[in-house]
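What follows is one structure encoded as structure tokens, with my remarks underneath.
The values are calculated or read from the model by the stated rules, or taken from the named source; none is laboratory data. On a predicted model such as this, the values are computed, not experimentally measured, just so you know. Virtual Cβ from ideal backbone geometry, glycine too; neighbours counted across all protein chains shown. Side chains are part of the model used for accessible areas, which takes the heavy atoms of the whole protein and leaves out ligands, DNA and RNA. Shrake-Rupley method; radii C 1.70, N 1.55, O 1.52, S 1.80 Å.
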Amino acid sequence: MEPYDAVILAGGAARRFGGDKPGAPVGGVPMVVRVASAAAGAARTVVVGPERPGLEAVFVREDPPGGGPVPALRAGLALVRSPRLVLLAADLPLLTPGIVAALLAHPNAVLIDGGGHDQWLTGAWRTDALRAALEGYGGRSLRGVLGPLDPVRVPAGDDWTDCDTPEDLARAEEMLK
């Protein structure tokens, strides 16, 4: 497999969640650590967000802080060294190495959930293509910058969820049992 880096976006405000979403435990392990573990094959892990003790990664903050996923992607991408990268949200406690590998099997890929929706915060990309796409992009939407890269849509399967609310967190805990 071609070398890849992992960029984990972990700096959002988590308004619906009501607390430190990336640090919230699922099965006793913080979600951001679970996500990093799913991409353990990465040559380098870049976390865009506050530093987390015990997580082996390079940390960076987007400018402006809390500016959204596009500025966060720009900040993380600046530290990527590999020809490929996986872009991952920090709120994916059930993400597995198998899902990461399925994404990396394609030059550009985005995960689709059980409802058929593109999950732009979960994908694999060619680093050079992503840099070129961001170079002239002035929008705020990840779909706006990533969609034109014509990604393969990779189904997530049934054992996948993101956690935007405390109810989602409880569902993830149940799914681990």
> Got a number for residues in the range 140-166 being open to solvent by 40 Å² or more (accessible area, probe 1.4 Å), assigned to a helix (DSSP H, G or I) and of a type outside the set (D, E, K, R)?
Replying inline: 2
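Can you tell me which residue in the range 1-13 is most open to solvent (accessible area, probe 1.4 Å), limited to those that are within 15 Å of the chain's Cα centre (by Cα) and modelled with pLDDT under 90? Give the derivation first.
In the first step, residues of the range 1-13 are kept if they are within 15 Å of the chain's Cα centre (by Cα); the result is 4-12.
With modelled with pLDDT under 90 added as a condition, the list becomes 11-12.
On the way: G11: 20, G12: 66 Å².
Looking at the filtered set, the residue picked out is G12.
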> Name the residues in the range 69-101 that are under 20 Å from R153 (Cα atoms), open to solvent by 40 Å² or more (accessible area, probe 1.4 Å) and small (G, A, S), would you?
Replying inline: G98, A101
> Looking at (1) part of a helix (DSSP H, G or I); (2) open to solvent by 10 Å² or more (accessible area, probe 1.4 Å); (3) under 24 Å from S37 (Cβ atoms), which is the only condition D128 fails?
Replying inline: (3)
> So which pairs qualify, if the first residue must be in the range 18-44 and at pLDDT 90 or above, the second must be among the polar types (S, T, N, Q) and open to solvent by 40 Å² or more (accessible area, probe 1.4 Å), the Cβ gap must be under 9 Å, and the two must be at least 6 apart or on different chains?
Replying inline: V29/S37; A38/T96
>> Restricting to the range 94-151, name every residue that is closer than 19 Å to L79 by Cβ and acidic (D, E).
In response: D128, E135
> Can you tell me which of L121, L111 is closer than 13 Å to V154 by Cβ, aliphatic (A, V, I, L, M) and buried (at least 17 other Cβ atoms within 10 Å of the Cβ)?
Replying inline: L111
> Which of (1) open to solvent by less than 20 Å² (accessible area, probe 1.4 Å); (2) at pLDDT below 95 is the odd one out, the single condition V48 does not satisfy?
Replying inline: (2)
> In the range 45-62, how many residues are closer than 17 Å to R131 by Cα and without any contact (Cβ under 8 Å) to a residue 40 or more places away in the chain?
Replying inline: 0
>> Could you list, ordered by first residue, the pairs with Cβ atoms under 7 Å in which the first is in the range 126-151 and aliphatic (A, V, I, L, M) and the second is in a loop (DSSP other than H, G, I, E, B) and surrounded by 15 or more Cβ atoms within 10 Å (Cβ to Cβ), at least 6 apart or interchain?
In response: A129/N108; V145/Y137; L149/N108
>> Looking at G23 and the list (1) more than 21 Å from D5 (Cβ to Cβ); (2) open to solvent by less than 20 Å² (accessible area, probe 1.4 Å); (3) touching a strand residue (DSSP E or B) at 6+ places or on another chain (Cβ under 9 Å), which single condition is not satisfied?
In response: (2)
> Can you find even one residue in the range 149-157 that is under 17 Å from L85 (Cβ atoms), of a type outside the set (D, E, K, R) and touching a helix residue (DSSP H, G or I) at 6+ places or on another chain (Cβ under 7 Å)?
Replying inline: yes
> So how many residues does the range 114-135 have that are within 14 Å of the chain's Cα centre (by Cα) and not β-branched (V, I, T)?
Replying inline: 7
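Going through the range 101-110 one residue at a time, which ones are closer than 17 Å to G41 by Cβ and either in contact with a helix residue (DSSP H, G or I) (Cβ under 9 Å, 6 or more places away or on another chain) or among the small types (G, A, S) (or both)? Talk me through it step by step, then tell me what you get.
Looking only at the range 101-110, we keep the residues that are closer than 17 Å to G41 by Cβ, and these are 101-106, 109.
Of everything in the range 101-110, those that are closer than 17 Å to G41 by Cβ and either in contact with a helix residue (DSSP H, G or I) (Cβ under 9 Å, 6 or more places away or on another chain) or among the small types (G, A, S) (or both) turn out to be A101, A102, A105, A109.
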